[in-house]
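To keep things clear, I will list the structure first and then write my remarks on it.
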Amino acid sequence: MIVLVEVDKDIKNLNKYLEGIYMAINTFEHYVSMAKEEKNLSLLKDIELQFKSSAVDIINRIIDLGGKSKDEASLIGKVSETFINIKDKIMVQNDDQLLTEAYKYIETGLKMGNKFLNENELTTKSREIVVQDLKKQNALLDTFPSKIPLKK
């Protein structure tokens with residue numbers, strides 16, 4: 001089934017998705033600042049870079065469509081991020097807890113990304129880009145050490 005989506009709607013929806021990626025980048029910058037062990041710092045930096053790469057892919061698609069991408073997370077995203085940062089400063093006592101929070105964050109992001117796909121119209125090409133991005137995010141879960149309590 002082919003769904004026709006207006007270019008403006010595609011750009012608007014891609015920008016919504018991009019906001020989530022910006023939130024992930026900011027969150028992982030925060031996690032990087034909290035890591036104590038070098039191997040965990042490296043893992044979290046790699047994940048942050050993956051999210052930055054995702055942002056570039058979405059921005060490029062928006063530009064290809066003739067649109068302008070958002071520059072950062074929305075006010076609601078910033079407020080949510082602030083609460084996460086405060087909670088982490090209080091609750092996270094060591095790198096194992098930090099990695100557990102990072103793992104949970106990616107899982108939540110995947111759920112939200114799949115919900116986004118179900119609730120928003122995208123052109124076929126834009127949908128393919130988002131689906132590929134979610135696959136890359138899912139693969140990030142495999143990069144966490146097996147000692148993470150929530151790891152499948």
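The values are calculated or read from the model by the stated rules, or taken from the named source; none is laboratory data. Quantities reported herein were computed from a predicted structural model and do not represent experimental measurements. A quick note on method: Cβ atoms are made from the backbone with ideal geometry, for glycine too, and the neighbour counts reach across all protein chains shown. For the accessible areas, the whole protein counts, side chains as well, though only heavy atoms, and no ligand, DNA or RNA atoms are used. Shrake-Rupley method; radii C 1.70, N 1.55, O 1.52, S 1.80 Å.
Scan region 1-47 for GluC sites (Glu not before Pro) in coil per DSSP, keeping those whose Cβ has at most 12 other Cβ atoms within 10 Å, and list them by number. Kindly include the intermediate steps, with their values, before the conclusion.
Values: sites: Glu6, Glu19, Glu29, Glu37, Glu38; in loops: Glu6, Glu37.
Loop-located and lightly packed - Glu6.
For region 98-127, GluC sites (Glu not before Pro) meeting the loop criterion (DSSP other than H, G, I, E, B) and having at most 16 other Cβ atoms within 10 Å: Glu121.
Here the 3J(HN,Hα) profile of region 22-30, calculated from phi with Karplus coefficients 6.51, -1.76 and 1.60 at θ = phi - 60°, is 4, 4, 5, 4, 4, 5, 6, 4, 4 Hz, Gly and Pro shown as x. With the whole protein complex present, Thr143 retains an accessible surface near 70 Å², based on a 1.4 Å probe.
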